[in-house]
Amino acid sequence: MSNKAVTRHVNIPVFIPHLGCPHMCVFCNQRTISGVREFDPESVRDIIDGALSTVAADDDCEIAFFGGSFTGIGRALMVRLLDIAEEYVRSGRVSRLRCSTRPDYIDGDVLDILDGYSMKTVELGIQSMSARVLALSERGHSPDDSRRAVAMLRERGYTVGGQMMVGLPGSTRDDETECARFIAESGCAECRVYPTLVFTDTELCRMEERGEYAPLSVDEAVERTADVLEIFDKYGVRVLRVGLCDGENLHGSEFHSGPNHPAIGELAASRIFMRRIDIALEGLTQGVDVEIHVPIGAVSKAVGNRGVNKDAIKNKYAPARLRFVGDGSLGGYEVKTIIKG
């Protein structure tokens with residue numbers, strides 16, 4: 001058995017807030033979300049050097065251009081940023097590049113530029129595959145733009161990541177599962193899922209104040225996020241993140257309303273485990289011993305935040321004894337039950 005340590009992957013984020021994007025989606029306050037109010041191209045080396053000073057020599061580092069529509073910024077600036085990032089790849093300190101952008105800002109000319117660099121992954125802000133929801137959110141692109149962009153990127157050999165939102169104006173659970181299925185079935189390898197939050201000084205905030213929009217509760221967001229996570233699990237799509245980072249200005253005056261919970265991804269995973277435990281225990285005779293096996297590392301999610309799933313199982317099925325076990329033979333959200341007595 002090898003004792004070799006697993007190489008740690010490190011993302012070095014370079015935020016370019018709202019650069020390259022002429023649209024102002026109803027939910028968007030990019031300066032609030034990224035925590036960056038101005039962008040100075042001259043600061044990029046300092047950002048990268050500062051991040052590299054905190055990582056180990058054998059860490060696998062990736063520079064990620066986030067926060068705006070990277071392929072929509074002026075070509076001269078985009079190439080300038082790519083040139084700077086590529087210097088770190090050539091030096092061996094960074095292995096590859098990643099960026100996020102809009103589906104309608106992917107075309108042959110853009111990909112010809114990216115092909116000349118170590119750009120390996122492109123994340124697309126798909127958000128929804130409903131034309132109605134996209135229009136209500138003032139996204140400025142269509143579902144066909146997303147289909148075309150994913151196909152073009154995959155044809156060029158890029159790893160494609162999808163980004164989608166839960167609880168957008170007019171969006172239903174069916175709309176969100178449709179979007180998740182598109183992301184999975186179109187060949188995206190990874191995804192980020194963002195329950196919609198309302199920030200001050202956005203059109204969505206004004207819509208809420210006019211009674212035209214109601215944000216999801218935390219429980220509603222958990223339930224609907226669990227729906228899409230189950231789809232990604234079925235198709236083997238890696239979920240990079242659920243929800244915004246807890247430190248992204250979510251506790252000050254800029255946050256207005258919505259399902260703002262620092263562990264919403266954990267809560268959604270816990271909900272999936274409870275769904276599967278319910279199926280496994282259907283018709284259980286009361287008063288027997290129950291062992292619930294879940295993947296190693298997933299016991300706390302299966303037990304639930306503050307033991308919510310454990311308590312629900314006890315109340316619903318009344319086992320004599322209940323035990324959760326980490327099982328190396330299981331993966332994803334798999335559940336196996338062993339009944340004794």
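Throughout, read-outs are computed from the coordinates displayed, never taken from laboratory work. These figures come from a predicted structure and were not determined experimentally. With ideal geometry, Cβ positions are generated from the backbone for all residues, glycine too; neighbour counts draw on all protein chains shown.
Could you tell me which of rounded, prolate or oblate describes region 72-148, using a ≥ b ≥ c as the square roots of the eigenvalues of the alpha-carbon gyration tensor, with rounded for a/c under 1.5 and, failing that, prolate when a/b is larger than b/c and oblate otherwise? Since a/c reaches 1.5 and a/b is larger than b/c, the shape of region 72-148 is classed as prolate.
Could you pull out the longest piece of the chain with no exposed loop GluC sites (Glu not before Pro) in it, calling a site exposed if DSSP puts it outside H, G, I, E, B and it has at most 16 other Cβ atoms within 10 Å? It works out to 39-137.
Listed by chain and number, the lysines whose alpha-carbon sits under 26 Å from that of LYS316, ignoring those within fewer than 8 places in the same chain, are LYS301, LYS336, LYS340. Relative contact order of the chain, taken over Cα pairs closer than 8 Å and 6 or more residues apart, is 13 percent. Just check region 192-341 against the gyration tensor rule for me: Cα atoms, a ≥ b ≥ c as the square roots of the eigenvalues, rounded for a/c under 1.5, and otherwise prolate or oblate depending on whether a/b exceeds b/c. It is prolate, given that a/c is not under 1.5 and a/b is the larger ratio. The distance linking region 238-309 with region 176-222 is 19 Å (Cα centroid to Cα centroid, whole angstrom). Each semi-axis of the equivalent ellipsoid for region 282-340 is √(5λ) with λ an eigenvalue of the Cα gyration tensor; in descending order they amount to 19, 14, 8 Å. If r is the Cβ-Cβ distance from ALA76 to ILE279 and R0 is 56 Å, what FRET efficiency results, to the nearest 0.05? In this case the efficiency is close to 0.50. Only helical runs count toward this figure. For the chain, summing -39,500 (n - 2.57) over DSSP H runs of n ≥ 4 and dividing by all residues gives -11000 deg cm²/dmol at 222 nm. The residues neighbouring VAL239, those whose beta-carbon lies less than 15 Å from its own, together hold a net charge of +1 under the Lys/Arg +1, Asp/Glu -1 convention. Across region 9-262, counting alpha-carbon atoms alone, Rg and Dmax equal 17.8, 55 Å. Given DSSP loops and a limit of at most 12 other Cβ atoms within 10 Å, what is the longest stretch of the chain that contains no such trypsin sites (Lys or Arg not before Pro)? Between exposed loop sites, the widest span is 38-209.
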